[in-house]
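Note sheet for the following structure.
Readers should treat all values here as calculations from the given coordinates under stated rules, not as data from a laboratory. Computed from a predicted structure; not experimentally measured. Reconstructed Cβ throughout: ideal geometry from the backbone, glycine too, with neighbour counts over all protein chains shown.
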Amino acid sequence: MKWIVTGGAGFIGSCFVREAVANRYAKIINLDALTYAGNRDSLPAESAENVFVEGNINDVSLVRRLLETHRPDALVHFAAESHVDRSIDGPQAFIETNVNGTFTLLNAANSYWKSLSTDDKERFRFLHVSTDEVYGSLGQSGSFSESSRYQPSSPYAASKAAADHLVRAWHHTYGLPVLITNCSNNFGPYQFPEKLIPLMILRAVAGESLPVYGDGSNVRDWLHVSDHCAALRTVLSQGRIGETYNIGGNCERSNLEVVKTICDAVNATHPELAHDCHELILFVEDRPGHDQRYAIDATKITSELGWKPQHLFDTAIEDTVSWYLNNQAWTNRILSGEYRLQRLGTNPPSIAE
């Protein structure tokens, strides 16, 4: 097997690449633009089975050349601007990458697919990795299913919703064999520290305040990144063409609960710290348009394909805390740039943007 992976130096993409290479699931051609969240330190060494290409998914000639040169059995599309707060400050990049980039990939993949032999056509898949944020916000009950209405709240969610619609349109109009997944919030090692869990870990250890939006009651369904990647491989190999599969951890936690769990883990692993991490929690002004609750109904992927999450949240959080504390060289290289664990999403775009 041979897979082109876009965004394979990001958090989820790099986990997918590491596991594919380690277990020899497929040869990987990894296309990544190495923007701020792309990190080659998260990837295994290059080899004949793991080829890295630095480039942008909007580069039509590059994408076509990779398809024609490597002749993949699948294109797995992770590449995206992914942080809600950044989309509030600068939405244009989210449209360029998440919408226009997906359009470029679909066009190139469709042309490539049409050129294949009958057997190779039957084998090829375009797997689009999306998010539960396209569905908007839930009340205190219920969960998102594959038939839930799209109601994106943030520029990020809207850009991913647009990309989902494009993928479906290329299937229904042109016959491109696509698969779509919508996942809940991921966590685990190698995540860029603007996201809640690594941000709280690093700030807690440093004795800095732990900013919690609003009253901390916003709820997310948490999914370990390795469980997510296992689900993606399952969908890629067994999923029905044209179908959407929701992937969730069956693990709802409020933001405040998550932060307190992290504090417990940091206190337990670092008894030498002069502070109790719980005392660092600071409630701050809420994010604009902050969705109250997400929850995934993963019945479809479980009943049809047999996938279930394997990681328990509390244990996996402890392992994640340990990973960040034992891999400070990785985080220090990230934090040597422009990002310094500061809050984002408080500067709306100007008219010029």
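By the Cβ distance rule of under 4.7 Å, the chain has these cysteines without a partner: 15, 183, 229, 251. If you run the Gaussian network model on the chain, springs between alpha carbon atoms under 10 Å, then out of 176, 75, 280 the most flexible one is 280. Here each label is just a point 7 Å from Cα along the line to Cβ, and for residue 328 and residue 122 those points are 5.7 nm apart. Look at where the Cα atoms of the stretch 63-81 and of the stretch 1-57 average out, and the two centres are 11 Å apart. Of the peptides 39-46, 216-223, 26-33, the ranking by mean beta-carbon count within 10 Å, highest at the top, reads 26-33, 216-223, 39-46. Using a Förster radius of 51 Å, what is the FRET efficiency between residue 243 and residue 278 based on their Cβ-Cβ separation? Nearest 0.05, please. Taking R0 as 51 Å, the efficiency between residue 243 and residue 278 is 0.70.
Does the stretch 288-330 classify as rounded, prolate or oblate by the C-alpha gyration tensor (a ≥ b ≥ c root eigenvalues; a/c under 1.5 gives rounded; else a/b over b/c gives prolate, otherwise oblate)? Oblate, since a/c reaches 1.5 and b/c is not below a/b. Counting only DSSP beta bridges whose two residues both lie in the stretch 1-119, roughly 5 percent are antiparallel. Taking the average, over residues, of other Cβ atoms within 10 Å as the packing measure, peptides 198-207, 295-304 rank 198-207, 295-304 from highest down. Which entries of 121/195; 2/160; 2/195; 114/195; 27/260; 2/308 show an alpha-carbon separation above 29 angstrom in the structure shown? Table pairs above 29 Å Cα-Cα are 121/195; 2/195; 114/195; 27/260.
Over what distance in Å are the Cα centres of the stretch 262-322 and the stretch 184-255 separated? When both Cα centres are located, 8 Å separates them.
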